[in-house]
Amino acid sequence: MEQPASEDPAREQPAREGPGGEPAAGEQPGDAGAPVPRVLCDVQALAGLVPSPPGALWRLAESGRQLDANLVHLPPGRRVELHTEPELDVLLLVVAGGGALSSPDRSEQLAPGTLAWLPHGSTRSLAADAEGLTYFTVHRRRPGMRIGYRPGEAGKPPDTP
C-alpha cells in the first residue's frame, strides 16, 4: 500500500522554500537547473519497516549522478554468495541487524554502525544473522550498457578517421 508523500520516508523531498518564498538554504536565486543538495530519505525509518521486504529498500536514482547508492535488506539467514567485484570499490554501512562479511581468508562480524570497505578485486560474501541485515552501499556509478564490438572481435568494422 502506497503511503502519502508526507509519510513515506523513501520519497524524495521537494526543493524547499524559506519564509516569504525565498530559496531555502543551499539554493541560490537564478540557479534554475543547477544541482541542489537535499535530503533524499530517512534510512533509519526505511530500515525499521516491519516486515522489511528482501532486496533494495531504496536506490539513488537522481539524473546526472556520479554515484550509485542502495539500502538493501537481507532477511534472517539469507546471504549474498561469494563473488568478486573486479571494477568497483564499495563502502558498506550496516544500518540494522547483523551478520558476517566473509572472504576466503577471514570472517568479520557486522553490527549497526559498522563501516566496511570492499575494495575492487576482492572476493567476499555477506550473511544475515537471525535479525536480518540491512545495509547501505555506495560506489562509483557503473557505466550504462553499450552495444558494439569487443576489442579485437572478428567482423569489427574498420576504424574511420
- Item | Count of residues meeting criterion [among the charged types (D, E, K, R) and either within 25 Å of T123 (Cα to Cα) or in contact with a His (Cβ under 8 Å, 6 or more places away or on another chain) (or both)] in the range 37-93 | 8
- Only one of these is modelled with pLDDT under 80 and not polar (S, T, N, Q): G55, G48, G20, G64. Name it. G20
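Conditions (1) over 13 Å from A128 (Cα atoms); (2) within 15 Å of the chain's Cα centre (by Cα), marked per residue:
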residue: L60; (1), (2): yes, yes
residue: D68; (1), (2): yes, yes
residue: H73; (1), (2): no, yes
residue: R78; (1), (2): no, no
residue: V90; (1), (2): yes, yes
residue: V95; (1), (2): no, yes
residue: A100; (1), (2): no, no
residue: P104; (1), (2): yes, no
residue: P112; (1), (2): no, no
- Message: Suppose we keep only residues that are in contact (Cβ under 8 Å) with a residue 24 or more places away in the chain and touching a strand residue (DSSP E or B) at 6+ places or on another chain (Cβ under 7 Å) within the range 103-120. Which one would you say is surrounded by the most Cβ atoms within 10 Å (Cβ to Cβ)?
- Response: L110
- Message: Consider the range 62-86. How many of its residues are of a type outside the set (A, V, I, L, M) and part of a strand (DSSP E or B)?
- Response: 7
- Message: Can you pull out every residue in the range 36-61 that is open to solvent by 50 Å² or more (accessible area, probe 1.4 Å) and either free of Cβ contacts under 8 Å to residues at least 12 places away in the same chain or not in a helix (DSSP H, G or I) (or both)?
- Response: V36, P37, R38, V39, D42, L49, V50, P51, P53, P54, R59, A61
- Query: Just one of L92, L126, L74, L118 is among the aliphatic types (A, V, I, L, M) and over 24 Å from P53 (Cα atoms); which is it?
  - Reply: L118
- Is it the case that G64 is open to solvent by 50 Å² or more (accessible area, probe 1.4 Å), small (G, A, S) and either touching a strand residue (DSSP E or B) at 6+ places or on another chain (Cβ under 6 Å) or over 15 Å from T137 (Cβ atoms) (or both)? yes
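The values are calculated or read from the model by the stated rules, or taken from the named source; none is laboratory data. What you see is a predicted model, and the numbers here were worked out from it, not measured in a lab. All Cβ positions, even for glycine, are placed from backbone atoms using ideal geometry, and neighbour counts span all protein chains on display. Note: areas computed on protein heavy atoms with side chains; ligands, DNA, RNA excluded. Shrake-Rupley method; radii C 1.70, N 1.55, O 1.52, S 1.80 Å.
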